[in-house]
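**Q** Before anything else, here's the structure in question.
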Amino acid sequence: MQVADGIFRLELPMPFELRHVNVYLVAVGDGFTLIDTGLQTDESRQALEAKLDELQVPLRRIRRILITHIHPDHFGLAAELRRRSGAELVIHRLEVALMEPRYARAEDLVHDVAAWLNKNGVPSKEAEFIKSASMAAREFVSVVEPDTLLEGAERIPVGGGALIVTWTPGHSPGHCCFYWPERRLLFSGDHLLPKISPNIGLHPQSGADPLTDYLGSLERIRRLEVSLVLPAHGDPFTDHRARIDTIVQHHRERKDALVSLAAGGPQTGWELAGRLFKGVMERNVFQQRLALQETLAHCQSLAQEGRLGKQVGGGLVRWGPV
């Protein structure tokens with residue numbers, strides 16, 4: 001459970017394909033900082049409470065909660081834990097802007113997603129199911145007003161130094177990593193994972209060019225001197241630059257594949273996703289939506305680079321040769 005002196009990895013359960021999320025408890029003076037919270041479920045709550053009891057850390061000793069981003073597995077219990085502990089809740093301001101429309105006014109978001117699916121060529125029958133694919137996320141989150149908003153580069157005091165807030169947009173517009181230079185530690189959230197690449201998707205709540213944002217954020221992390229990466233999923237790992245190289249190559253290959261797939265003439269994102277992610281259209285609606293989002297993010301990045309043409313007309317967006 002202890003991954004470094006005064007730092008504890010708390011693995012919390014999830015009912016998804018990824019079975020666990022890591023949250024981190026950091027000793028700071030006579031209190032603690034918690035990085036991310038897990039889902040708002042009985043299983044996650046009970047697991048967190050059991051691990052805190054094992055460490056003999058009552059909730060009142062958690063003085064600060066840092067959120068990497070507001071996806072449910074990272075933010076779900078934030079409202080409850082802030083209320084019960086009295087801790088300061090800290091989130092990037094771009095994540096706060098997404099919170100209310102995503103979780104409190106999700107019906108409006110479904111309307112926006114339906115229009116987005118339509119313009120990207122999703123047939124009406126499939127779109128009817130896919131537009132609501134994320135509605136269930138509301139069960140796992142409560143909306144809460146944070147105490148402190150981040151923009152990036154803030155220094156948050158911890159024992160023997162400070163955590164530097166490193167803004168890393170891509171997976172989510174306001175995603176943040178937390179870097180501890182004195183100890184060469186990086187709390188990487190979903191930005192840098194040991195085995196998988198996070199979903200980078202273009203959709204109604206993403207940045208305008210999320211893949212380019214993500215790759216730029218990776219370069220920002222590459223420059224840091226890091227001995228140990230503490231990710232949100234999977235085990236801690238070393239050699240962050242080698243892992244970044246692997247991820248960058250993965251996206252380079254995916255972009256090259258899309259250029260080849262689009263060479264025959266303009267196609268919608270839905271058509272390209274079906275060819276890029278073979279078999280995904282036979283999977284569940286959530287996976288179909290992720291495949292479309294990721295395809296579009298790569299297409300948008302290619303269009304910005306001048307390697308792919310983006311055509312808008314007749315209510316559709318199509319991608320083809322320049």
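The values are calculated or read from the model by the stated rules, or taken from the named source; none is laboratory data. The model shown is predicted, which means the values in this text are computed figures rather than measured ones. Ideal geometry is used to build each Cβ from the backbone, glycine not excepted, and the neighbour counts take in all protein chains shown. Note: areas computed on protein heavy atoms with side chains; ligands, DNA, RNA excluded. Shrake-Rupley method; radii C 1.70, N 1.55, O 1.52, S 1.80 Å.
**Q** Are any residues in segment 142-171 open to solvent by 20 Å² or more (accessible area, probe 1.4 Å) and either in a loop (DSSP other than H, G, I, E, B) or of a type in the set (Phe, Trp, Tyr) (or both), and if so, which ones? Working first, answer last.
**A** Pass one, segment 142-171, residues open to solvent by 20 Å² or more (accessible area, probe 1.4 Å): 142-143, 145, 147-149, 151-155, 157, 159-161, 164, 167, 171.
If the condition is that a residue be open to solvent by 20 Å² or more (accessible area, probe 1.4 Å) and either in a loop (DSSP other than H, G, I, E, B) or of a type in the set (Phe, Trp, Tyr) (or both), then 142, 143, 145, 147, 151, 152, 153, 154, 159, 160, 167, 171 are the ones that fit.
**Q** Within segment 118-140, restricting attention to residues that are assigned to a helix (DSSP H, G or I) and free of Cβ contacts under 8 Å to residues at least 40 places away in the same chain, which residue is least open to solvent (accessible area, probe 1.4 Å)? Show your work before the answer.
**A** Within segment 118-140, the first condition is being assigned to a helix (DSSP H, G or I), and the residues that meet it are 118-119, 124-130, 135-140.
If we keep only those that are free of Cβ contacts under 8 Å to residues at least 40 places away in the same chain as well, we get 124-125, 127-128, 135-136, 138.
Numbers: 124: 99, 125: 154, 127: 15, 128: 105, 135: 51, 136: 51, 138: 87 Å².
The qualifying residue least open to solvent (accessible area, probe 1.4 Å) is 127.
**Q** List the helices (runs of 4 or more DSSP H) inside segment 1-117, counting only whole elements, that have at least 2 residues being without any contact (Cβ under 8 Å) to a residue 24 or more places away in the chain.
**A** Numbers: elements: 42-54, 72-75, 78-85, 93-99.
Because the criterion is at least 2 residues that are without any contact (Cβ under 8 Å) to a residue 24 or more places away in the chain, the helices (runs of 4 or more DSSP H) in segment 1-117 that meet it are 42-54.
The rows are residues; the columns are (1) farther than 23 Å from residue 149 by Cβ; (2) aliphatic (A, V, I, L, M).
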{"position": "172", "(1), (2)": "no, no"}
{"position": "175", "(1), (2)": "no, no"}
{"position": "189", "(1), (2)": "no, no"}
{"position": "195", "(1), (2)": "yes, no"}
{"position": "200", "(1), (2)": "yes, yes"}
{"position": "205", "(1), (2)": "no, no"}
{"position": "215", "(1), (2)": "yes, yes"}
{"position": "225", "(1), (2)": "yes, no"}
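**Q** Can you report the number of residues in segment 73-91 which are farther than 26 Å from residue 19 by Cα and buried (at least 22 other Cβ atoms within 10 Å of the Cβ)?
**A** Total meeting the criteria: 1.
**Q** Can you name the residue in segment 260-297 that is at pLDDT 95 or above and acidic (Asp, Glu) and, of all such residues, is nearest to residue 212 (Cα to Cα)?
**A** Here the answer is 294.
**Q** Only one of 245, 235 is under 24 Å from residue 196 (Cα atoms), among the acidic types (Asp, Glu), open to solvent by 20 Å² or more (accessible area, probe 1.4 Å) and not in a helix (DSSP H, G or I). Can you tell me which? Break it down into steps so the answer makes sense when it comes.
**A** Working: 245 fails: not in a helix (DSSP H, G or I).
Every option except 235 fails the conditions.
**Q** Based on what the data block shows, is residue 193 farther than 14 Å from residue 217 by Cβ, among the hydrophobic types (A, V, I, L, M, F, W, C) and modelled with pLDDT of 95 or more?
**A** Details: farther than 14 Å from residue 217 by Cβ: no; among the hydrophobic types (A, V, I, L, M, F, W, C): yes; modelled with pLDDT of 95 or more: yes.
Taking the combined requirement at face value, the residue does not satisfy it.
**Q** Now for a separate question. Only one residue in 30, 108 is closer than 24 Å to residue 161 by Cα, modelled with pLDDT under 95 and touching a helix residue (DSSP H, G or I) at 6+ places or on another chain (Cβ under 8 Å), so which one is that? I'd like the intermediate steps shown before the answer.
**A** Numbers: 108 fails: closer than 24 Å to residue 161 by Cα.
Result of the check over 30, 108: 30.
**Q** Further, regarding this structure: Among the candidates 322, 317, single out the residue that is assigned to a strand (DSSP E or B) and touching a residue at least 12 places away in the same chain (Cβ under 8 Å). Steps first, please.
**A** Values: 322 fails: assigned to a strand (DSSP E or B).
The match here is 317.
**Q** Out of all the residues in segment 216-232, which are in contact with a Pro (Cβ under 8 Å, 6 or more places away or on another chain), among the aliphatic types (A, V, I, L, M) and open to solvent by 10 Å² or more (accessible area, probe 1.4 Å)?
**A** Hits for segment 216-232 are 224, 228.
**Q** Taking the residues in segment 172-189 that are open to solvent by 10 Å² or more (accessible area, probe 1.4 Å) and in a loop (DSSP other than H, G, I, E, B) as candidates, determine which candidate is nearest to residue 242 (Cα to Cα).
**A** Only one residue tops the list, namely 184.
Yes/no per residue for (1) touching a Pro at 6+ places or on another chain (Cβ under 9 Å); (2) open to solvent by less than 10 Å² (accessible area, probe 1.4 Å); (3) more than 20 Å from residue 195 (Cα to Cα):
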{"position": "22", "(1), (2), (3)": "yes, yes, no"}
{"position": "26", "(1), (2), (3)": "no, yes, yes"}
{"position": "32", "(1), (2), (3)": "no, no, yes"}
{"position": "39", "(1), (2), (3)": "yes, yes, yes"}
{"position": "42", "(1), (2), (3)": "no, no, yes"}
{"position": "54", "(1), (2), (3)": "no, no, yes"}
{"position": "59", "(1), (2), (3)": "no, no, yes"}
{"position": "62", "(1), (2), (3)": "no, yes, yes"}
{"position": "71", "(1), (2), (3)": "no, no, no"}
